[in-house]
Protein chains: 4
Amino acid sequence: MIVVMKANATEDQISHVKELIVEMGLTTHPIQGSELTVVAVIGDDRKKDRNVLENAAGVDRVVPILVPYKLSARETQPNRTLVRISDECVIGGKHIPVIAGPCSVESAEQILVSARAVRAAGAHALRGGAFKPRTNPYSFQGHGVDGLKMLAAARDETGLAIVTEVLAIEDVDVVSEYADCLQIGTRNAANYRLLEACGKQPKPVLLKRGMAMTISELLQAAEYILSMGNPNVILCERGIRTFEDHTRNTLSLSAITELHYRSHLPVVSDPSHGTGHARMVADMARASVGANCDALAIEMHPDPEHAWTDGAQSITPQALLELVDSCRRVAEAVDRSM
Amino acid sequence: MIVVMKANATEDQISHVKELIVEMGLTTHPIQGSELTVVAVIGDDRKKDRNVLENAAGVDRVVPILVPYKLSARETQPNRTLVRISDECVIGGKHIPVIAGPCSVESAEQILVSARAVRAAGAHALRGGAFKPRTNPYSFQGHGVDGLKMLAAARDETGLAIVTEVLAIEDVDVVSEYADCLQIGTRNAANYRLLEACGKQPKPVLLKRGMAMTISELLQAAEYILSMGNPNVILCERGIRTFEDHTRNTLSLSAITELHYRSHLPVVSDPSHGTGHARMVADMARASVGANCDALAIEMHPDPEHAWTDGAQSITPQALLELVDSCRRVAEAVDRSM
Amino acid sequence: MIVVMKANATEDQISHVKELIVEMGLTTHPIQGSELTVVAVIGDDRKKDRNVLENAAGVDRVVPILVPYKLSARETQPNRTLVRISDECVIGGKHIPVIAGPCSVESAEQILVSARAVRAAGAHALRGGAFKPRTNPYSFQGHGVDGLKMLAAARDETGLAIVTEVLAIEDVDVVSEYADCLQIGTRNAANYRLLEACGKQPKPVLLKRGMAMTISELLQAAEYILSMGNPNVILCERGIRTFEDHTRNTLSLSAITELHYRSHLPVVSDPSHGTGHARMVADMARASVGANCDALAIEMHPDPEHAWTDGAQSITPQALLELVDSCRRVAEAVDRSM
Amino acid sequence: MIVVMKANATEDQISHVKELIVEMGLTTHPIQGSELTVVAVIGDDRKKDRNVLENAAGVDRVVPILVPYKLSARETQPNRTLVRISDECVIGGKHIPVIAGPCSVESAEQILVSARAVRAAGAHALRGGAFKPRTNPYSFQGHGVDGLKMLAAARDETGLAIVTEVLAIEDVDVVSEYADCLQIGTRNAANYRLLEACGKQPKPVLLKRGMAMTISELLQAAEYILSMGNPNVILCERGIRTFEDHTRNTLSLSAITELHYRSHLPVVSDPSHGTGHARMVADMARASVGANCDALAIEMHPDPEHAWTDGAQSITPQALLELVDSCRRVAEAVDRSM
């Protein structure tokens, strides 16, 4: 880190800051500039509360230099991580799988019809929520374990791998039992205890970016999972909260580029939540592939007008088929496949 | 809700939308405007997925009219809710209590010294984290149950009520046993299962606003607690995520005014997290009282330069004493007391 | 518009609101819902200050229904507008032109070398600033009219059309004389008097989205130009201000989709300003084409390390050539050309 | 500045960065840390495009150390600047003046009635727009010079100083002739040419923060005025663009504290634009005084329901009177006067 002193900081104040740094077990390196002094700090300061120095007299601000994550950093692992959800759904390589399905598992019939449509469209895994985090307490909260069983039945028939959300530590075991990949949703992206619990089970984890998470915070959240021993983390850009009101969230595709730059973990794009409107999904899916995403997550419902949840952003089976076809062409244009 | 049709929507499309609404058990009321048609919907549409109509052909957008929360709405309860944490810390009335203390419980000695300073400053309750949600997995995560015991010991000596955070459902019982008020932090503000668990235990709950939560979403989060039978919810404005970079968060004091307008629940302001810099806390505390907040939450540490966590935003015991004195004067200027 | 009354609004308050609406020359249509009353307003309320009704007793809020722009709305002109900057740079059709060049015109030599590189890369127009809006008053502010002349000389040699920014009404004539297309920058996107002045001159106008502008506000800004008689407006997404800190701005590609949905005007994407980092530009250019943009604006400098301005986001001539080649492939994958 | 190299940067890359810095006329000071190298740069790098170094091979990022403004910096002038608009309206001292009046000058009668109400409420200057920047081109754009004359007539009768907005360079002279203080609105806060023009005329300038401006950018905008020779700049916090939807803007009161910390210029708070709702103005005015603002700007209209512009946020004369009374009490509680 770099401690920037105020222009009028005294010698005593600078000395005091140096003492505080030495107390932390780190080495100081003061630099007298043309207008003020900065104190560079040498050593791994990541486990310290660096901000504490801001409170010392004469300090203007503290600038971190080292990134606060390790296992998720690209420096740690030069090769990109490949996460295998199933034989046909391996994320992080040249092939770009599509994970599609309804927001919620509504019935055995609905999820089966959905799974067939996903298969027919040429997509590679089935998504669907059995445990649903709903903004409103009076909304449908999912069928729970029954929903997991319906998903498993759909897998049995179609061979599609299952990606489904887990909301609470107490459900991790059962979700891990039925699913091929656990999803941590945007509302739980900083629920660190849940992240740890998912880090202790063996299935891959699809971690959605929190609505207000920076890239660094997302990689630190991934670090919670990785540091528990589970290396199979897939990051997901799904839109952030901004002032824009024409979408539910602002899909920030540069996050894909930045995550590839900072980390070895694969990155999924979710243009359904990233826009909130079915009419925008195909454009943003093609944009995501152009941005070099490693997979797509798409909400599709056999009958969107009657979807129990997220109908506005769900596309039809026919629209999914066309989306996959057009995204495949874009994938080939960027030397990948779908 | 109001369904706004596109300017070129056909009669068939309008009829279809009306049918969908009738299917939902609601009544339609179409209005032919000068340029387009809107379909007003009569009935309680809160439990429906209103957005589903956006997917119907010819629909431009759907505008909700009814607010999506009930128990937290001011209409439901015209009198303001008073939440009693202890005899001296009742939130929602004329008196504005101050909840102060360190970010983390670091040791029995540190929390006891802190509690004495809180008492000496004239504050009314002690805060301190035993379970800590840390962005970085390698940071100090709190002493857990041992920390709760240290807090209880500080209460025994000083008589101050204890406000402390709970991070996971499995800890709710033990935190409820030791604390006088459970805090749900900003990262768990949309952890609905945790909210429900806190709604089932008897102690008051201080619910912090999520970094990217709208007022409506905050009141829906409160609704999760209220709907489980716990009426003692305190809302907390603690800063939101914006483009501003001179603070850790942007303290949005108009949230206090809006929450008072929309809800009967009391509202705490947290200028420590709301700014992230000790030098700003007193100004923002006085501003919060000017904005008519119902309590203040202040981070104070006996030795901020050596705080294990959040040192940059922790003020000293002396600064707390001065803050309470000056805030008391502002409180009196707005016909309240401290 | 729809006036939403409070749940406890009295009959007198509702009557008063109706009177205010009638005073505006509009017709009222009250609807008694299950919990509250809304008053729908029929007639063109766009020239009224609709918000004024919020101040009437008993009103909770006012919801606009009609969009506040007309000439830029898709309803007004079902066919997409084609803006011709030059024979090879026509924006809004199947072909996707690339506008490239340095941030600033630094010298006659530099802009000539740049123009040749732009031509060699297969791009279609030359950009470069002669008048520069700089955040810092002590930074280079551009060569002004001399810079325009250097741009014209580069056009003479290469045949590339010139796109360059205008900062003040007093410069509109001279910029219009030399340039083939006037650019209004993000900082002046709500400088309505400048917009009007550009609406009165004959050259096309490339209007960049303000950093904090909604889609509706951008279309209203375009309306200032259109309503002065200039139909040749090109809209430009160049990133918005959000909490993200890994880019200079957050490129919001869904804006392209929304602008195509709401308007007939063509939309350019600027991944250089939209990210601020050269290493991200190619990914975001390909994403923009995948999102169906109508043109690309790219900052390229013959020697980025020595660029006077915006060096961090300028790519090299070689990188531009590769960018155009790869974007051409994506364009073909979405049935367009480059 | 500090140039942070990548962990795997080569010696050659570090040498090249050092050369680039030396070319800029600055001195380098490399520091070999535990995991990577940083190159500290000594000398005044403010006039350089520091970001250019980001493009050099092996560079991860560039961290500025020196603030990019000088004349507005507190270091430059330790005493706070006092800006005198009139004898009774001096901003920056212990007294907190109130600038009040309607959004627009609608008629000679309306502004006269307004001025009397402003006087009766105990406020200290009259605001009102003769040139109006309207989002919508079809909205009322102000009476122009006629409006200025109406304001002058109101001053003649009441003795109140006049604060009014200027939109274009060509109007600066005439506005400067009639007004006691020129206002630059949020939409023109980065219209640098207008800032310069206001810096060359003799009247004080009230500079509103742009909706997406950081504190540093606001101080750089002020620097444009100061560097032209006009020392009388008043900064204004009027709300920023965020995801919040319960207000028109998010009033960020910590901006007052930060501006006082970084600059010697006085700071006005505008709770009217900062919220957009009349019902919130008094709370946010009291909060602003609690936050130690140096003046208040309040929209008041003699008949808000019939205001031509911004009716929703205009308070009545009676409400202004009560606001001033209550704010005066808060001012006294923070050892100031009103």
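The values are calculated or read from the model by the stated rules, or taken from the named source; none is laboratory data. Keep in mind the model is a prediction, meaning the values are calculated, not measured. Don't worry about glycine lacking a Cβ; one is built from the backbone with ideal geometry, like all the others, and counts go over all protein chains shown.
Of all residues in segment C:262-283, those being within 18 Å of residue C:217 (Cβ to Cβ) and within 7 Å of chain A (Cβ to nearest Cβ) number 0. In the condition set (1) part of a loop (DSSP other than H, G, I, E, B); (2) free of Cβ contacts under 8 Å to residues at least 40 places away in the same chain; (3) of a type outside the set (S, T, N, Q), residue A:198 is compliant with all but (1). Is it the case, given these coordinates, that residue D:191 is surrounded by fewer than 24 Cβ atoms within 10 Å (Cβ to Cβ) and within 14 Å of the chain's Cα centre (by Cα)? In short, no.
When residue B:112 is tested against (1) touching a Ser or Thr at 6+ places or on another chain (Cβ under 6 Å); (2) surrounded by fewer than 24 Cβ atoms within 10 Å (Cβ to Cβ), just one condition goes unmet, and that condition is (1). Identify the residue in segment D:307-328 that is at the interface with chain C (Cβ under 7 Å from one of its Cβ atoms) and over 19 Å from residue D:238 (Cα atoms) and, among all such residues, is surrounded by the most Cβ atoms within 10 Å (Cβ to Cβ). Across segment D:307-328, the extreme among qualifying residues is D:307.
Scanning segment D:122-153 for residues that are more than 11 Å from every other protein chain (Cβ to nearest Cβ), buried (at least 19 other Cβ atoms within 10 Å of the Cβ) and not small (Gly, Ala, Ser) yields D:124, D:126, D:127, D:143, D:148, D:150, D:151. Per the conditions (1) within 14 Å of chain B (Cβ to nearest Cβ); (2) under 30 Å from residue A:305 (Cα atoms); (3) charged (D, E, K, R), the sole criterion not satisfied by residue A:19 is (2). Here residue A:258 meets the list (1) without any contact (Cβ under 8 Å) to a residue 12 or more places away in the chain; (2) buried (at least 24 other Cβ atoms within 10 Å of the Cβ); (3) acidic (Asp, Glu) almost entirely, failing just condition (1). Only one of the numbered conditions (1) crowded, with 24+ Cβ neighbours inside 10 Å; (2) outside any loop (DSSP other than H, G, I, E, B); (3) in contact with a Gly (Cβ under 8 Å, 6 or more places away or on another chain) is violated by residue B:275, and that is (2).
Quickly run through segment D:182-224 and pick out the residues that are more than 9 Å from chain C (Cβ to nearest Cβ), β-branched (Val, Ile, Thr) and in contact with a strand residue (DSSP E or B) (Cβ under 7 Å, 6 or more places away or on another chain). Matches in segment D:182-224: D:184, D:205.
Across segment D:1-40, the qualifying residues are those that are modelled with pLDDT under 90 and touching a Leu at 6+ places or on another chain (Cβ under 7 Å), and the one among them that is farthest from residue A:44 (Cα to Cα) is D:7. Of the strands (runs of 3 or more DSSP E) lying entirely inside segment D:86-163, those carrying at least 3 residues that are in the same structural domain as residue D:185 (by TED's automatic domain parsing) and within 16 Å of residue D:310 (Cβ to Cβ) are D:98-101. Return the residues of segment C:89-115 that are more than 18 Å from the chain's Cα centre (by Cα) and more than 19 Å from residue C:317 (Cβ to Cβ); say none if nothing qualifies. The answer is C:94, C:95.
Would a scan of segment B:311-329 turn up a residue that is farther than 19 Å from residue D:292 by Cβ and either part of a strand (DSSP E or B) or acidic (Asp, Glu) (or both)? Checking segment B:311-329: not a single residue is farther than 19 Å from residue D:292 by Cβ and either part of a strand (DSSP E or B) or acidic (Asp, Glu) (or both). If you go through segment A:122-151 and pick out every residue that is touching a residue at least 60 places away in the same chain (Cβ under 8 Å), of a type in the set (Gly, Ala, Ser) and in contact with a strand residue (DSSP E or B) (Cβ under 7 Å, 6 or more places away or on another chain), you end up with 2. In segment A:57-65, is there at least one residue being under 26 Å from the mean Cα position of the chain (by Cα) and crowded, with 20+ Cβ neighbours inside 10 Å? Yes, because at least one residue in segment A:57-65 is under 26 Å from the mean Cα position of the chain (by Cα) and crowded, with 20+ Cβ neighbours inside 10 Å.
Across segment D:25-47, the qualifying residues are those that are in a loop (DSSP other than H, G, I, E, B) and buried (at least 21 other Cβ atoms within 10 Å of the Cβ), and the one among them that is nearest to the other protein chains (Cβ to nearest Cβ) is D:33. Among the residues of segment B:284-304, the one identified as surrounded by fewer than 24 Cβ atoms within 10 Å (Cβ to Cβ) and within 14 Å of chain D (Cβ to nearest Cβ) is B:292.
Of the residues that sit in segment D:66-81 and are away from chain C (no Cβ under 12 Å) and of a type in the set (D, E, K, R), which one is surrounded by the most Cβ atoms within 10 Å (Cβ to Cβ)? Give the derivation first.
Step one: list which residues in segment D:66-81 are away from chain C (no Cβ under 12 Å), which gives D:73-81.
Pick out the ones that are also of a type in the set (D, E, K, R) and you get D:74-75, D:80.
Values: D:74: 20, D:75: 15, D:80: 14.
Ranking the qualifying residues of segment D:66-81, first place goes to D:74.
When you scan segment B:166-176, how many residues do you find that are touching a residue at least 12 places away in the same chain (Cβ under 8 Å) and surrounded by fewer than 23 Cβ atoms within 10 Å (Cβ to Cβ)? Adding up the residues that qualify gives 6.
The set of residues in segment B:1-16 being part of a strand (DSSP E or B) and within 14 Å of chain A (Cβ to nearest Cβ) consists of B:3, B:4. Evaluating residue A:235 against the criteria (1) in a helix (DSSP H, G or I); (2) buried (at least 24 other Cβ atoms within 10 Å of the Cβ); (3) of a type in the set (A, V, I, L, M) leaves one unmet condition, (1).
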